[in-house]
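The values are calculated or read from the model by the stated rules, or taken from the named source; none is laboratory data. In this text, all values refer to a predicted model and were calculated from it rather than measured experimentally. Neighbour counts are summed over all protein chains in view; Cβ atoms, including those assigned to glycine, are modelled from backbone coordinates with ideal geometry. To get the accessible areas, we keep the full protein, side chains included, count just its heavy atoms, and leave off ligands, DNA and RNA. Shrake-Rupley method; radii C 1.70, N 1.55, O 1.52, S 1.80 Å.
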Amino acid sequence: MGARKRWWSMLESEGENRMIKQIVKVLKEIQEISGYKVIENTEQSNQAFYVLGKLETVRLVETKEAIVTIYHNNGEYLGTSSFIVSHNLTKKALMEKINDAIFAAKFVKNKPFELVKGEKKKTFKSKPINEKPVEIIEEIATIFNNEKTDNAKFNALEIFLNTKISHLVNSNGVDLTKTIHNIEIEAIPSYDGPNDKVELYKNYKYLSYDKSQITEDAKNAIKDVEARYNAKKLENVATIDIVLNNHDVEEFFYNAIADYSYSSVYNGSTDKKINDMIQSDDAKTKLNIAFAPSSSANAFDSDGIILHKHQVIEDGRLVNYYGSSQFGQYLGLTPSGNADELQVAKGKKTKEALCKGKYLEIIALSGIQIDVYNDYIGGEIRLAIYHSDDTTYPVSGISFSGSYKKCLNELELSKEVIKISGYNGPKSIKLKSLNIL
């Protein structure tokens, strides 16, 4: 058995973890507490750090902490307060933390709500990425470092194979455990030219070992840093189509539905009602957007709600709000819970068909800003590739802005899809006729 197997055997032999049992036992003794929630997170991370292609450090990191939330009901308000326990405490030390939390909760004036109700203990597990994490790390490092050129290389490369076990219990009978695996990569590609040196920061998260996607990302990282070295100011372009890819697409869609969360609706951040259209009837592509668990293992949220696919936008129409148990109850709705993956239906065009004519393909953005009320969309472009007929060159130091409603109605989505941490949907989208600043 490898190290991962031995660790699992040790973990499973513990049964209910001692830390969470100790905390719950003390919480049950305190009458001032009207309810509690405890999430114990146990993490193992196989980590490797490379400098200029050379392995510098390898380590195995194991951590455990419990996030404790207590609720105090004074008849009119439900106050809450949370604290973290990072190791087993004496009963006296734990009581001090709890009493401090009770004191703080008395100043919080939330409208009352019920904690999620549980019926029986449930456990969810995803399939481990690999029984030999060191071999996977070495293979990933080779993929990245093989992409270096005479001028471009990875100054730093950090690889993490992570396993996280979350055990959630509350005072209303919830007792749920999930085991999630993922890969994280942080890379700093650099380009050394005759006149200057530039660097970029890249961060990637994968739910499984997708070798083809990792290889594509490594290749693109080297291309991007070379483009950054050669980038110039875009001149004499007032309006242009913009193509977003991967994480920028994810950010666009998260921003597009942010106002439809329970908390946003409760706080008056949207005027849209259920069954209202968010796109016009003649929109080029009718959007279909849902939240769902990214895997069968990631089956519950931080409140203890068992998650299912929850449609938010259907054929361009708002069909559901979404969000946490607390604010769902405030709206008188059955809460959807906070699923970890945004799912967007793919489009009808290939990326090749999408990328026609004059357009900017975004490589790096500082972020996307969407203001539905003021009909605004904008962002600062750190790096992009300008395309026009046979002309192609990298640009930086510009911004874009335009009408959000027009973008939604003229939006084009790619057939190609991507599944990354937090998003499953079109790999690329095109926003039409944006102003360049």
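I'd like the accessible area for Thr69: 1.4 Å probe, protein heavy atoms, all chains in place, Å² to the nearest 10.
Result for Thr69: roughly 20 Å² accessible.
Rounded to the nearest 10 Å², what accessible area does Val24 have for a 1.4 Å probe in the complete protein model?
Only protein atoms counted, so the area is about 20 Å².
Based solely on its DSSP helices, what 222 nm [θ] is calculated for the chain when runs of n ≥ 4 H residues each add -39,500 (n - 2.57) and the sum is averaged over all residues, nearest 500 deg cm²/dmol?
-7000 deg cm²/dmol
I'd like the orientation of helix 91-105 relative to the chain: the angle between its Cα long axis and the longest Cα principal axis, in ° from 0 to 90, rounded to 10.
70 degrees
If you count only protein heavy atoms and use a 1.4 Å probe, how large is the accessible surface of Ser208, to the nearest 10 Å²?
Ser208 has an accessible surface of roughly 70 Å² with all protein chains in place.
Compute the long axis of helix 133-145 from its Cα atoms, compare it with the longest principal axis of the Cα atoms of the chain, and write down the angle in degrees, 0 to 90, nearest 10.
In the chain, helix 133-145 runs at an angle near 20 degrees to the longest axis.
Got a number for carbon plus sulfur as a percent of the chain's accessible area, 1.4 Å probe?
About 46 percent, which is the carbon plus sulfur part of the accessible surface.
Probe of 1.4 angstrom, ligands and nucleic acids ignored: what's the accessible area per residue over the chain, in square angstrom?
Normalised by residue count, the accessible surface of the chain is 49 Å².
Taking the Cα centre as origin and putting +1 on Lys and Arg beta-carbons and -1 on Asp and Glu beta-carbons, what dipole magnitude results for the range 311-437, to the nearest 20 debye?
Here the size comes out at about 280 debye.
Taking amide hydrogens as modeled 1.01 Å from N in the peptide plane, which residues meet the under 5 Å criterion relative to Val319, leaving out close sequence neighbours?
Those qualifying (amide H under 5 Å, at least 5 residues apart or on another chain) are Asn275, Ile313, Glu314.
Roughly what % antiparallel, to the nearest 5, for the DSSP beta bridges in the chain?
Within the chain, antiparallel bridges account for around 90 percent of the total.
Taking 0.36 nm per residue of separation and subtracting the Cα-Cα distance, what length does fully extending Ile274 through Glu62 add?
Gain in length upon complete extension: 71.8 nm.
Note down the nm distance, to one decimal, between modelled labels 7 Å out along Cα→Cβ at Lys91 and at Val237.
Once both label points are built, they end up 7.0 nm from each other.
Tell me the angle of helix 3-13 to the major Cα principal axis of the chain, expressed in degrees between 0 and 90 and rounded to the nearest ten.
Long axis of 3-13 versus the principal axis of the chain: about 30 degrees.
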